[in-house]
Amino acid sequence: MPIIAKKAKQPNPARTLTLSLLAVIIVGTVLLWLPISSKSGQWTNFIDCFFTATSATTTTGITVVETFGYWNLFGQWILLIMTQVGGLGLVIILTFFNYALGRKMGLMKTNAVADEVSVSGFIGAKRLFIRIGKYTFIMEFVGAAIMCFTLVPEYGAYGVFMSFFTAISAFCNGGLDLFSIGGGLSDYFDKPQVHIVIAALVFLGSIGFVVWDNVVSYFKTKRISIYTKIVLIYSAIFFLIGFFAYLLVTILHGDMYQDMSLGEKVLCSAFTSVSARSAGFNIRDIALANDFSKITTIILMFIGSAPASTGGGIRVTTLAILASTVIAVLRGYDDVRLYNHRVHKRLVYKAVSVLFLSVLFVLIFFTVIYLLNPEIEETDILYEIVSAVTTTGFSTGISAQVDPISKLMLCLAMLVGRVGTVSILLSFTGGKGDSGKSKILPDCELLIG
């Protein structure tokens with residue numbers, strides 16, 4: 001009787017990433033909970049530790065306790081490590097060091113990791129991972145070295161750690177900083193070298209690993225992919241929209257930067273526009289912003305950065321596909337076209353799904369937290385939730401005020417945002433597609449619009 005080999009169970013990349021992030025969050029929570037992590041030397045509230053660990057690992061940056069004022073150097077190191085792991089992706093970091101040490105990985109493991117950076121193929125993933133590691137550590141080191149010239153004279157040896165903490169947090173779009181030691185980032189608006197370095201690192205992290213690889217290889221191939229063009233063009237468009245929106249409302253209505261000179265207002269408006277795309281670094285207290293600025297920020301946060309990046313949001317490529325779908329409908333095209341390329345219907349389906357699920361998750365989290373905290377302004381709740389779901393990190397301060405259940409809901413929102421709305425559901429459902437054997441279904445005629 002022939003022996004039929006049992007087919008190996010295929011790994012679920014989304015589930016692998018979700019469980020990996022949860023493992024890092026749990027370990028980080030326990031370490032932050034211990035008295036050795038706080039400056040007071042006392043046990044920290046466990047929910048607050050879990051919230052902080054989730055915020056750092058998902059590279060969100062929303063805090064319920066002040067990063068410099070509450071955590072000692074050991075606790076700050078824990079936050080730094082979690083931010084770096086969460087920014088690059090745990091699986092990517094492990095893969096890079098496996099290759100750096102000369103260890104081989106199986107094909108299924110490599111493909112699972114490749115799903116995190118939206119590339120396919122064993123060789124392509126291997127080469128890209130090595131470049132990711134090199135580019136990341138070089139950019140973070142250069143950024144930290146530049147900031148050392150400003151921070152070391154002020155804070156001595158701690159300024160070195162502060163520079164690297166800020167550089168890693170900025171590149172990973174983490175939003176955590178230690179600037180409260182000197183009154184916050186607002187005390188550095190007259191030192192553009194700090195803001196420019198942070199903004200540059202945020203931008204480089206937000207455009208994604210695949211774009212770096214394509215731009216660097218351009219000098220050899222003289223070719224830029226359609227994906228890179230879309231990411232760079234749409235990133236520039238939304239930067240300009242945010243910049244002019246913040247600048248105009250500041251000039252006309254004062255808002256957060258009313259006490260600054262025109263040049264400082266320009267710099268801060270540009271910095272906030274970059275930061276709002278997923279980093280969450282504050283120059284001024286967001287509570288001082290008017291509703292127009294908050295709504296502008298909500299829109300920028302929701303759109304977010306590029307796929308395969310350290311940022312969040314629904315991604316600029318999703319918006320590009322959705323906009324092209326609308327144009328195709330208005331022009332009567334039979335297919336979606338983007339920069340003289342046909343967009344596969346599978347990508348259109350995914351873009352629509354990402355938008356629908358993102359809005360759905362925001363509505364669910366908003367409803368629950370509003371019902372539990374009716375005394376808080378609705379705009380502030382929506383602002384906080386969108387910031388959590390898009391892993392941006394801007395905060396009006398309500399995260400520290402809400403009840404434990406609301407804090408746990410915000411933790412879930414941050415995890416959903418880091419893994420992705422579609423991926424988080426796939427990690428539970430394990431969708432396998434049609435596999436080419438689905439039955440032929442009758443056409444469905446519906447009225448739309």
Scan the stretch 169-203 for residues that are surrounded by 21 or more Cβ atoms within 10 Å (Cβ to Cβ), in contact (Cβ under 8 Å) with a residue 60 or more places away in the chain and aliphatic (A, V, I, L, M) and jot them down. Ala170, Leu176, Leu178, Leu185, Ile198, Ala199, Leu201, Val202
Show me the helices (runs of 4 or more DSSP H) entirely contained within the stretch 319-437 in which 1 or more residues are within 22 Å of the chain's Cα centre (by Cα) and without any contact (Cβ under 8 Å) to a residue 24 or more places away in the chain. 345-372, 378-389
If you go through the stretch 273-284, how many residues are open to solvent by 10 Å² or more (accessible area, probe 1.4 Å) and either over 17 Å from His195 (Cβ atoms) or in a helix (DSSP H, G or I) (or both)? 1
Which one is most open to solvent (accessible area, probe 1.4 Å), of the residues in the stretch 45-80 that are in contact (Cβ under 8 Å) with a residue 12 or more places away in the chain and out of contact with any Ser or Thr (no Cβ under 8 Å at 6 or more places or on another chain)? Leu73
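Any chance you could count how many residues in the stretch 246-269 are surrounded by 21 or more Cβ atoms within 10 Å (Cβ to Cβ) and either touching a residue at least 60 places away in the same chain (Cβ under 8 Å) or out of contact with any Leu (no Cβ under 6 Å at 6 or more places or on another chain) (or both)? Write out each step before concluding.
Step one: list which residues in the stretch 246-269 are surrounded by 21 or more Cβ atoms within 10 Å (Cβ to Cβ), which gives 246, 250, 256-257, 268-269.
Restricting the remaining residues to those that are either touching a residue at least 60 places away in the same chain (Cβ under 8 Å) or out of contact with any Leu (no Cβ under 6 Å at 6 or more places or on another chain) (or both) gives 246, 250, 257, 268.
Of the residues in the stretch 246-269, 4 are surrounded by 21 or more Cβ atoms within 10 Å (Cβ to Cβ) and either touching a residue at least 60 places away in the same chain (Cβ under 8 Å) or out of contact with any Leu (no Cβ under 6 Å at 6 or more places or on another chain) (or both).
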Which of the numbered conditions does Pro307 fail, given that it passes all the others? Conditions: (1) in contact (Cβ under 8 Å) with a residue 40 or more places away in the chain; (2) over 22 Å from Leu201 (Cα atoms). (2)
Kindly provide the set of residues from the stretch 17-44 that are of a type in the set (Gly, Ala, Ser) and open to solvent by 10 Å² or more (accessible area, probe 1.4 Å), ordered by number. Ser20, Ala23, Ser40, Gly41
Kindly provide the set of residues from the stretch 57-79 that are among the small types (Gly, Ala, Ser) and either assigned to a loop (DSSP other than H, G, I, E, B) or at pLDDT below 95 (or both), ordered by number. Gly61, Gly69
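The values are calculated or read from the model by the stated rules, or taken from the named source; none is laboratory data. Worth saying up front: this structure is predicted, and the values here are computed from it rather than measured. With ideal geometry, Cβ positions are generated from the backbone for all residues, glycine too; neighbour counts draw on all protein chains shown. The area values use the complete protein model at the heavy-atom level, side chains included, leaving out ligands, DNA and RNA. Shrake-Rupley method; radii C 1.70, N 1.55, O 1.52, S 1.80 Å.
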